[in-house]
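The values are calculated or read from the model by the stated rules, or taken from the named source; none is laboratory data. Keep in mind it's a predicted model, so treat the numbers as computed, not measured. Don't worry about glycine lacking a Cβ; one is built from the backbone with ideal geometry, like all the others, and counts go over all protein chains shown.
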Amino acid sequence: MVVLDTEPRTAAPPGTARRPRTPVSWVRGGGLTTLLFFLPLLLSFGMFSWWPIVRSLVLSLQQTNFIVTEWVGLDNFQRVLADPLLGTAVWNTTVFTLIALVIGFPVPLLLAVFVAELRRTRALASVLVYLPVVIPPVVAVLLWKTFYRPDEAGLFNTVLGWAGLGPYEWLNSGAMVIPAIVVQATWASFGTAVIIYLAALMTIRTELYESAEIDGAGVVRRFWHVTLPQLRGILLIMLLLQLIGTFQVFTEPYIMTDGGPENRSLTLLLLIYRYAFVSGDFGRATALSLLLALALGVLSAVYLWATRRWSTS
Amino acid sequence: MTTTGVRALDTERSILSGMDRRVPRVRVAVTVVGALIVLALGVACAGPLFWLFKAATSTSSETLADPFGFWPSGIHWENLTEAWTSVRFGTYLLNTLIVCAGTWFFGLLIALTGGYGIAILRPAYARVVSAAVLATLFIPGVISLVALYLTVIDLPVLNVNLLNTFWGVWLPAATNAFNVLLVSRFLQSIPPALFDAARIDGAGAVRIFWSLVLPLSRPIIGVVSLLTVIGAYKDFLWPLLVLPDPDLQPISVALPRIESSTDLGVFMAALLISVVLPVLLFLGFQRQFLRAAGSAGAIKE
């Protein structure tokens, strides 16, 4: 985990430590200059990070139309839980996350392991892998939306048509819509994971491979007993980050389907967006945001606790 | 072969050793698998971009009739000019660049001054501030989306509405804990003796920042710049909320809006124009991009 080292490493400038502190000595000792350096950070984080987090907690207990604001207790939470769409959104988001995990987790790892073995083409492979990541998500989503066209002009339907299959409905089909969006989202983001794993693979000490080799371990066993354990830390973190990220998926379903057909791709973030920016019900939207954040927090805590036990045993 | 040569070979090794690679069977297998991987990556990652280029320079009816046809009636560059003029794509691209530039400036300002304060100046409150900044990294962004929107449309104390201003995009996007973390970690890795020596020579906090920290920070400024500019170029949800005025919208917000009302060929041309800049930037600064992505991973650990 990241912990900043804020212990003073250098002695305080002579003369500032002993004397009783007055505003004048504080300014003379450079206190004001220091504060000025902190000002951009304090102002921006105060206004756009810390205050909104506090305000969320307040907002979830209020009902506001910008003219009258009243305290409504847990009413917002009750209205969230009573919404029949909540179950749909939770189910869709969970399915989305699970499919994204099944496709999006092993593929980058295996790809990175293979690419690390390449010599002359490794640089080319890295560039190709990272190419989709630099494309703006909106552009990638809109491009894939034309690939998924349900008529014969869609790219996937054309290719499958050569084999005599289809045409398929893709984004218009309740059963196919989530897997289709997951494939696009995975395409757009898997390059980051490959590059991170590649960087981690380069730090594995070569003696480990050498001693495994001396012990007679073949390629598969070297991967299983050296590579995987050495990557365990980064794999565990990446898995958690992927879980947290996909639970908050918004852009892809919003642009591709806006939650359709018949709410079959309605995710939790889309529901929050609808509450807040379609219905103007900010209290209800904040209540759902808090519930989602709470669920993610519990998930992370349980995950970190479980994997810590697992790694020490 | 010299000993250093042997060692260089050894440090190069991964799962396969240099010895393995001399076995003909292994060599063939590695070459074949390597070629297959590069081929598959080429099709999967560069293929869609190539198709986009083809669709952007073909007429809509050609693309609809045969998506894989190679320019049956020649290359139609007019789609690109059409997208630039009739869809006002130039305006959207300019807005995107304004969003990127402002986010970059304020992002660097906050990260550099804040990182300097946390890592070098270290007043008594530095510990609390850095903990509070770090904490936001662990809080899911969704928690404050709505509250941030309500804050931006009516800033506390100042009572200013930033809706339909670039400030509304710049400032929240520049408030990035990850950048502060990157800079302060980088500055902590510089030997403190350097700053002590400058202090003994009588340099004040401003002087040290300007003529010591800034020049030394060039590598991390590059990383933060890349991450910030690309992030701002890609951002969608936040500008969608804060910039409802079409004249101010960046491409990411404008594209989905004009999709249904635009001719397919022209729309593909608009998509193509949107990817040219980031793709060229990436191809020009490959190493920096990949190192930034890799170092982002190192910090997550």
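Filtering region B:62-77 down to residues that are assigned to a helix (DSSP H, G or I) and closer than 18 Å to B:Glu259 by Cβ, which residue is nearest to the chain's Cα centre (by Cα)? Checked region B:62-77; the qualifying residue nearest to the chain's Cα centre (by Cα) is B:Thr63. In region A:205-234, the residue that is farthest from the chain's Cα centre (by Cα) out of those that are more than 7 Å from chain B (Cβ to nearest Cβ) and surrounded by 18 or more Cβ atoms within 10 Å (Cβ to Cβ) is A:Ala212.
For region B:203-247, taking the residues that are more than 11 Å from every other protein chain (Cβ to nearest Cβ), more than 21 Å from the chain's Cα centre (by Cα) and in a helix (DSSP H, G or I), the one that is surrounded by the most Cβ atoms within 10 Å (Cβ to Cβ) is identified as B:Leu212.
Residue by residue, here is whether (1) farther than 22 Å from B:Pro244 by Cα; (2) more than 9 Å from chain A (Cβ to nearest Cβ); (3) touching an Asp or Glu at 6+ places or on another chain (Cβ under 6 Å); (4) not in a helix (DSSP H, G or I) holds:
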position	(1), (2), (3), (4)
B:Phe106	yes, no, no, no
B:Tyr116	yes, no, no, no
B:Arg127	yes, no, no, no
B:Val133	yes, no, no, no
B:Val180	yes, no, no, no
B:Leu187	yes, yes, no, no
B:Pro191	yes, yes, no, yes
B:Leu194	yes, yes, no, no
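For the structure I just gave you, tell me whether A:Leu240 is more than 30 Å from A:Glu70 (Cβ to Cβ), in contact with a helix residue (DSSP H, G or I) (Cβ under 9 Å, 6 or more places away or on another chain), surrounded by fewer than 15 Cβ atoms within 10 Å (Cβ to Cβ) and among the aliphatic types (A, V, I, L, M). In short, no.
Residues of region B:165-202 that are within 30 Å of B:Pro239 (Cβ to Cβ), of a type in the set (Gly, Ala, Ser) and surrounded by fewer than 21 Cβ atoms within 10 Å (Cβ to Cβ): none at all.
Can you name every residue in region B:62-101 that is of a type in the set (Gly, Ala, Ser) and either touching a residue at least 60 places away in the same chain (Cβ under 8 Å) or crowded, with 17+ Cβ neighbours inside 10 Å (or both)? Those that are of a type in the set (Gly, Ala, Ser) and either touching a residue at least 60 places away in the same chain (Cβ under 8 Å) or crowded, with 17+ Cβ neighbours inside 10 Å (or both): B:Ala83, B:Ser86.
Among the residues of region B:78-94, the ones that are of a type in the set (Gly, Ala, Ser) and either closer than 22 Å to B:Ala232 by Cβ or assigned to a helix (DSSP H, G or I) (or both) come to 2 in all.
Residues to consider are A:Ala185, A:Ala193; find the one that is touching a Leu at 6+ places or on another chain (Cβ under 9 Å) and either closer than 26 Å to B:Phe282 by Cα or free of Cβ contacts under 8 Å to residues at least 60 places away in the same chain (or both). Checking each option against the conditions leaves just A:Ala193.
Screening region A:76-190 for helices (runs of 4 or more DSSP H) wholly inside it with 2 or more residues that are surrounded by 15 or more Cβ atoms within 10 Å (Cβ to Cβ) and modelled with pLDDT of 90 or more returns the ranges A:84-104, A:106-117, A:122-134, A:137-147. Screening A:Gly216 with (1) over 21 Å from A:Leu118 (Cα atoms); (2) part of a helix (DSSP H, G or I); (3) not hydroxyl-bearing (Ser, Thr, Tyr) gives one miss only, at (2). Among the residues making up region B:248-266, a single one is among the β-branched types (Val, Ile, Thr), buried (at least 21 other Cβ atoms within 10 Å of the Cβ) and more than 10 Å from chain A (Cβ to nearest Cβ): B:Val266. Scanning region B:13-50 for residues that are in contact (Cβ under 8 Å) with a residue 12 or more places away in the chain and either among the small types (Gly, Ala, Ser) or in a helix (DSSP H, G or I) (or both) turns up B:Val30, B:Leu49.
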